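First up is the structure itself, then whatever we jot down about it.
The values are calculated or read from the model by the stated rules, or taken from the named source; none is laboratory data. These figures come from a predicted structure and were not determined experimentally. As a convention, Cβ positions derive from the backbone with ideal geometry for all residues, glycine included, and neighbour counts pool all protein chains shown. Accessible surface is based on the protein model in full, side chains and every heavy atom, while ligands, DNA and RNA are left aside. Shrake-Rupley method; radii C 1.70, N 1.55, O 1.52, S 1.80 Å.
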Number of protein chains: 2
Amino acid sequence: MDAAVETSVKRVAACLEEKGLHYEFVPIDLSTGQQKKEPFVSLNPFGQVPALEDGDLKLFESRAITQYIANAYADKGTPLVPINDPNKMALVAVWTEVEAQRFDAVGSKLSFEIVVKPILGMTTDGGVVDQHQEKLAQILDVYESRLSQSKYLGGDEFSLADLHHIPIVNNLLGTKIKALFDARPKVSAWSVDILGRPAWQKVLQSMKF
Amino acid sequence: MDAAVETSVKRVAACLEEKGLHYEFVPIDLSTGQQKKEPFVSLNPFGQVPALEDGDLKLFESRAITQYIANAYADKGTPLVPINDPNKMALVAVWTEVEAQRFDAVGSKLSFEIVVKPILGMTTDGGVVDQHQEKLAQILDVYESRLSQSKYLGGDEFSLADLHHIPIVNNLLGTKIKALFDARPKVSAWSVDILGRPAWQKVLQSMKF
């Protein structure tokens, strides 16, 4: 499976790398449906990657895993959530929800149509692309305004709210959708900044499977 | 606007009621597009209800608001997150993500087609209902299994993971979709339990606008 497909797995890997944690990456063969069988479905009953085991704790859902890592390993590597300031934490939570509820719905669809479908030998639906491109433009207008007030989405520090965007932004910047980012200076600078992070570069290097 | 439409607003109201907090409810007239204009867009740049002001803090996204309330008012009313146990907290986060990423996508669509569209004088799309009904059945199968292991989704205590489901479950149980819940004993008992909570009953009483 091409790594561009596995955006959720890379979201978790980026978080682990930001924290500088040691981890073992166990590939799951999606082509044979290994994710729908034991032992994997005991980790995630929905039969989708990724899942995380940390001691006795078994977790799934990429954004729940990153939240756990950010909190449980707060003192390691990059601080990803402002744990000691409830108001700052609340703003990180707002923009984390914006990613999950708004950006991802549109960005994942565009990534699937333009990046993933060709890899899988499927045909891109131009109508779906046009429709979602328009929606993404509206979302990025709000981001442009937000990033004029603070360096990152959740505030002046890089946080989970930014990190969660990285895999999809990375996919989209290799396509014509890049024009939507280029047209917005703050969004463009932000995307270059978050994709340039050493932790993400390590993920791109190590996950060329 | 019929209250059945405003599931996100009711999600936040349910959380405030669980905490027994005093709050002022400021209705926004969606029929005149008040949510897309100042002063509301200064609270939520995406121009959608709800938004919350608490002192100088301005928040939007219902699930970020509930998370803030649960943490900032941890010592009031019902404990909604196990703040002192990182592993229990991680499991609540997993099932909170399951609601946001899986249940809501399907449940909101069904609620929109079957409950909201008739209120707005629009026609329900039977094909969309059938397709999403099948998806919901698969999700509820996983819930049935989960609720056989613990009383609530996030663990043995009621938490935000359950609370976030309430408004959509409430809408769906008034429709033919109830059959999907009735067919699964644990899911059925759970839905009766969470809808019967006094805090939710207060929301239903007070939000008959």
**Asked** Inside the stretch A:80-98, can you point out the residues that are free of Cβ contacts under 8 Å to residues at least 12 places away in the same chain and assigned to a loop (DSSP other than H, G, I, E, B)?
**Response** A:ASN84, A:ASP85
**Complete:** B:VAL187 passes all but one of the listed conditions (1) open to solvent by less than 10 Å² (accessible area, probe 1.4 Å); (2) within 27 Å of B:ILE28 (Cβ to Cβ); (3) out of contact with any Ser or Thr (no Cβ under 8 Å at 6 or more places or on another chain); the exception is number (2)
**Request:** Tell me, yes or no, whether the stretch A:4-13 has at least one residue that is part of a loop (DSSP other than H, G, I, E, B) and touching a residue at least 40 places away in the same chain (Cβ under 8 Å).
**Result:** yes
**Request:** Just need a number here: residues in the stretch B:18-44 that are among the acidic types (Asp, Glu) and either within 14 Å of chain A (Cβ to nearest Cβ) or touching a residue at least 40 places away in the same chain (Cβ under 8 Å) (or both).
**Result:** 2
**Request:** Out of A:GLY47, A:GLY77, report the one residue that is farther than 22 Å from B:ALA161 by Cα and either in contact (Cβ under 8 Å) with a residue 60 or more places away in the chain or assigned to a loop (DSSP other than H, G, I, E, B) (or both).
**Result:** A:GLY77
**Prompt:** From the list B:GLN201, B:GLN205, B:GLN131, B:GLN101, which one is without any contact (Cβ under 8 Å) to a residue 12 or more places away in the chain and within 14 Å of chain A (Cβ to nearest Cβ)?
**Reply:** B:GLN101
**Message:** Against the definition (open to solvent by 30 Å² or more (accessible area, probe 1.4 Å) and at pLDDT 95 or above), how does B:ASP182 come out, yes or no?
**Reply:** yes
**Prompt:** Counting just the residues of the stretch A:47-84 that are open to solvent by 30 Å² or more (accessible area, probe 1.4 Å) and closer than 21 Å to B:GLN138 by Cα, which one comes out farthest from the other protein chains (Cβ to nearest Cβ)?
**Reply:** A:VAL49
